[in-house]
Amino acid sequence: MSTHRTLILLRHAKSDYPPGAADHERPLAPRGIREAGLAGDWLRANAPVPDAVLCSTATRTRQTYARTELTAPVRYVDDLYDAAPGTVIATINTVGDEVDTLLVIGHEPAMSAVALGLAGAGSDSAVAQRISEKYPTSGIAVLQISVSWSDVELGSASLVGFHVPR
């Protein structure tokens, strides 16, 4: 069991707005398909390989994960769709300690609120500033955690990176 964990928060890629599609069922736009692939490329080159993925059940988040071409086991979680930040953290708290790197794929405004809310000692203030200004589609926040997933709470992580693949 590692005491150094990585939490990666990925906002879904750019979605389309087809006529008559409910918000939950909106697919990725062509730009989103490309950017989700770029997000996967960036993660493989710059972040630890995820051991597990928590993903919203929305079509656009599922498609984002598929297009990253990452292969970690994924759990689709209804509560991550239209989630409050506390719900996202509570879902993270359910992850077992055998997971060293966790990828969470969700939506705004929860992803930015979770990244900023977890940011505590050792966080990069420039990264926090960028996230507070805008967390675009395909945005990837990287946090370092030194506690068990069950103990993740506000201020318990170091926000160390933010990337927007384009």
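Rounded to the nearest whole Hz, the Karplus-based 3J(HN,Hα) values (6.51 cos²θ - 1.76 cosθ + 1.60, θ = phi - 60°) of the range 143-154 follow the sequence 10, 9, 10, 10, 10, 5, 4, 5, 9, 5, 8, 3, with x at glycine and proline. The charge dipole of the range 107-166, taken about the Cα centre with unit charges on the Cβ atoms of Lys, Arg (+1) and Asp, Glu (-1), comes to about 240 debye, rounded to the nearest 20. Taking all protein chains into account, the per residue accessible area for the chain stands at 44 Å² (1.4 Å probe). The label-point distance for E69 and Q129, in a model that sets each label 7 Å from Cα toward Cβ, rounds to 3.6 nm. Residues in the range 61-66 carry Karplus couplings, in order, of 6, 4, 5, 4, 4, 4 Hz; the curve used is 6.51 cos²θ - 1.76 cosθ + 1.60 with θ = phi - 60°, and Gly or Pro positions show x. Measuring nothing but protein heavy atoms, the accessible surface of the range 50-166 at 1.4 Å probe radius is 48 percent carbon and sulfur.
Around the Cα centre of the chain, unit charges on the Cβ atoms of Lys, Arg, Asp and Glu (plus for the first two, minus for the last two) sum to a dipole of about 640 debye.
The values are calculated or read from the model by the stated rules, or taken from the named source; none is laboratory data. Being a predicted model, the structure only gives us computed values, none of them experimental. We place every Cβ from the backbone using ideal geometry, glycine too, and count neighbours over all the protein chains shown. Calculation scope for accessible area: heavy atoms of the full protein, side chains included, ligands and nucleic acids excluded. Shrake-Rupley method; radii C 1.70, N 1.55, O 1.52, S 1.80 Å.
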